[in-house]
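Enquirer: One structure coming up, written as structure tokens, with questions to follow.
Bear in mind that the values in this text are calculations on the coordinates, not laboratory data. Worth saying up front: this structure is predicted, and the values here are computed from it rather than measured.
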Amino acid sequence: MDTYTFMRQLADSWILLAMFGFFASAAIWAFLPSQRRAREDASMIPFRNDSAPKASPDACADQDAPNPKGQPHD
């Protein structure tokens, strides 16, 4: 048996099984209840450096405007 055939059979059977085992264990590890905080932290990465939106002058003017029905603002 030449080297290529041996490596091909090895990759088709045991390496494929090893890769599937690694994928399954990584998926199980990622969804363990103990990893919940890490998942929540990772989901907030895009918003980490955002500051609160500044109030625009139009928003203040809308609050001072009279209500068309004559009732006070909430």
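Enquirer: Using every pair of alpha-carbon atoms in the stretch 1-41, split the distances into 10 Å bins beginning at 0 and state the percent of pairs per bin, rounded to integers.
Expert: Histogramming the stretch 1-41 at 10 Å steps yields 26, 29, 21, 15, 8, 1 percent.
Enquirer: Express in nm, to one decimal, how much length is gained between Asp2 and Arg36 on full extension, taking 0.36 nm for each residue of separation and deducting their alpha carbon distance.
Expert: Details: separation 34, 0.36 × 34 = 12.24 nm, distance 4.92 nm.
So the chain would gain 7.3 nm between Asp2 and Arg36.
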